[in-house]
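The values are calculated or read from the model by the stated rules, or taken from the named source; none is laboratory data. Remember, it's a predicted structure, so these values are computed and weren't measured experimentally. Cβ: placed from backbone, ideal geometry, glycine included. Neighbour counts: every protein chain shown. Areas reflect the complete protein model, heavy atoms only, side chains present, ligands, DNA and RNA absent. Shrake-Rupley method; radii C 1.70, N 1.55, O 1.52, S 1.80 Å.
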Amino acid sequence: ITQANTFIATCLGATTLGANIKLVDVEPATGQIDASKIEAAITPKTKIIVPVHLYGHAANMEAILAIAKKHNLKVVEDASQGHGAYFKDKRVGSFGDAGCFSFYPGKNLGAFGDGGALVTNDDALAASIRAWRAWGAAKKYHHTEKGGNSRLDTIQAAVLLCKLRKLDAGNAKRREIATKYVAALEGVGDLSLPKSPPNTESVWHLFVITTDKRDELLKHLNDNKVGAGIHYPLPIHKQECYKQELSSLVGTLPQAEAEAPRMLSLPVYPEMTSVQQDRVIEQVKAFFEK
């Protein structure tokens with residue numbers, strides 16, 4: 001079970017293993033998985049809940065863990081966009097049976113190439129995954145399982161260690177920029193502005209606004225040299241590769257479906273200058289004043 005508005009990698013991991021996907025709708029204000037809808041998706045075959053800490057916001061881990069405990073399910077956190085985010089007094093990725101992080105260069109903690117990590121408190125699981133990432137060998141040339149090749153390059157690890165020291169400061173800068181955007185853009189046009197979920201500290205991997213004029217605003221920003229993007233244009237069940245098996249879900253996930261054609265990501269990154277921030281704000285306002 002996961003949410004309908006995530007990046008497709010969340011679901012492809014399960015599909016690769018032969019699992020079936022169950023999608024749940026999202027909260028209107030935060031874009032996070034709607035925990036109140038998870039239980040309705042549980043069947044006797046359900047094994048795992050995969051909450052996604054989307055856009056750098058923390059999912060409601062308290063509610064999700066309670067549901068998992070009640071139904072004896074595993075929880076695997078997709079923290080690929082949540083490096084350093086908090087739910088209450090704990091960092092995301094540390095709540096479930098395992099937490100998964102991406103080190104894609106554009107992430108809050110990004111390498112100079114592709115990479116990722118899995119964290120867990122389960123020693124047996126950790127040992128199995130360490131073996132799997134090196135062709136199933138817990139000891140060199142002694143293969144205990146049929147694994148893959150998923151080792152992080154040493155050069156990427158070195159880069160990440162250097163950048164890790166700056167993660168909290170970078171996240172603080174992102175929060176500062178997000179606060180500035182919210183204050184400056186409140187009440188502009190038909191914009192709906194993002195909110196951090198209760199009891200969380202967001203790291204604002206993305207600053208996602210919504211508007212009925214998304215495509216026109218995107219063109220205006222890009223024409224005026226403001227980098228903006230869309231995350232994500234289609235919910236999972238409308239992606240071509242999932243249409244056949246998930247076609248019955250069309251119309252049953254109203255929030256994810258309604259928001260997809262309205263979402264637009266504004267630039268947000270720690271190195272952004274005040275002048276650059278002001279230009280983003282000015283151009284958004286200029287569009288709605290036309």
_Residue pairs meeting the criteria (Cβ under 8 Å; at least 6 apart or on separate chains; first outside any helix (DSSP H, G or I), in region 65-80; second of a type in the set (Lys, Arg))_ = Leu73/Lys47; Lys74/Lys47; Ser80/Lys107
*Report yes if Thr30 is in a helix (DSSP H, G or I), among the polar types (S, T, N, Q), out of contact with any helix residue (DSSP H, G or I) (no Cβ under 6 Å at 6 or more places or on another chain) and crowded, with 20+ Cβ neighbours inside 10 Å, otherwise no.*
no
*Could you tell me whether Ala19 is part of a helix (DSSP H, G or I), more than 24 Å from His83 (Cα to Cα), hydrophobic (A, V, I, L, M, F, W, C) and open to solvent by 30 Å² or more (accessible area, probe 1.4 Å)?*
no
*Taking the stated definitions as given, is Lys70 touching a Lys or Arg at 6+ places or on another chain (Cβ under 9 Å), more than 25 Å from Ala169 (Cβ to Cβ) and of a type in the set (Lys, Arg)?*
no
*Give the residue, chosen from Glu245, Glu259, that is assigned to a helix (DSSP H, G or I) and touching a strand residue (DSSP E or B) at 6+ places or on another chain (Cβ under 9 Å).*
Glu259
*Within region 94-110, is there a residue that is of a type in the set (A, V, I, L, M) and over 20 Å from His53 (Cβ atoms)?*
no
_Filter pass, Ile48 being at negative phi, touching a strand residue (DSSP E or B) at 6+ places or on another chain (Cβ under 9 Å) and open to solvent by less than 30 Å² (accessible area, probe 1.4 Å)_ = no
*Taking region 1-16 only, how many residues are assigned to a helix (DSSP H, G or I) and under 21 Å from Ile67 (Cα atoms)?*
3
*Please state which of the following conditions Asn171 fails to meet, knowing it meets all the rest: (1) surrounded by 13 or more Cβ atoms within 10 Å (Cβ to Cβ); (2) under 19 Å from Tyr86 (Cα atoms); (3) over 21 Å from the mean Cα position of the chain (by Cα).*
(3)
*Within region 93-143, work out how many residues are part of a loop (DSSP other than H, G, I, E, B), in contact with a helix residue (DSSP H, G or I) (Cβ under 9 Å, 6 or more places away or on another chain) and either among the β-branched types (Val, Ile, Thr) or within 20 Å of Asn60 (Cβ to Cβ) (or both).*
4
*asked:* Can you pull out every residue in region 183-242 that is part of a loop (DSSP other than H, G, I, E, B), within 26 Å of Glu62 (Cβ to Cβ) and charged (D, E, K, R)?
replied: Lys195
*With respect to the numbered conditions (1) open to solvent by 20 Å² or more (accessible area, probe 1.4 Å); (2) under 20 Å from the mean Cα position of the chain (by Cα), which one is the sole condition not fulfilled by Glu240?*
(2)
*Of all residues in region 56-94 being basic (Lys, Arg) and farther than 14 Å from Ile42 by Cβ, which is surrounded by the most Cβ atoms within 10 Å (Cβ to Cβ)?*
Arg91
*asked:* Please count how many residues of region 243-290 are without any contact (Cβ under 8 Å) to a residue 12 or more places away in the chain and open to solvent by less than 40 Å² (accessible area, probe 1.4 Å).
replied: 0
*Got a number for residues in region 163-222 being touching a strand residue (DSSP E or B) at 6+ places or on another chain (Cβ under 7 Å) and under 17 Å from Pro267 (Cβ atoms)?*
14
*Has region 83-92 got at least one residue that is part of a strand (DSSP E or B), within 22 Å of Asn149 (Cβ to Cβ) and either in contact with a Phe, Trp or Tyr (Cβ under 8 Å, 6 or more places away or on another chain) or not acidic (Asp, Glu) (or both)?*
no
*From the list Gly136, Gly116, Gly148, Gly110, pick out the single residue that is touching a residue at least 40 places away in the same chain (Cβ under 8 Å) and either surrounded by fewer than 17 Cβ atoms within 10 Å (Cβ to Cβ) or within 22 Å of the chain's Cα centre (by Cα) (or both).*
Gly110
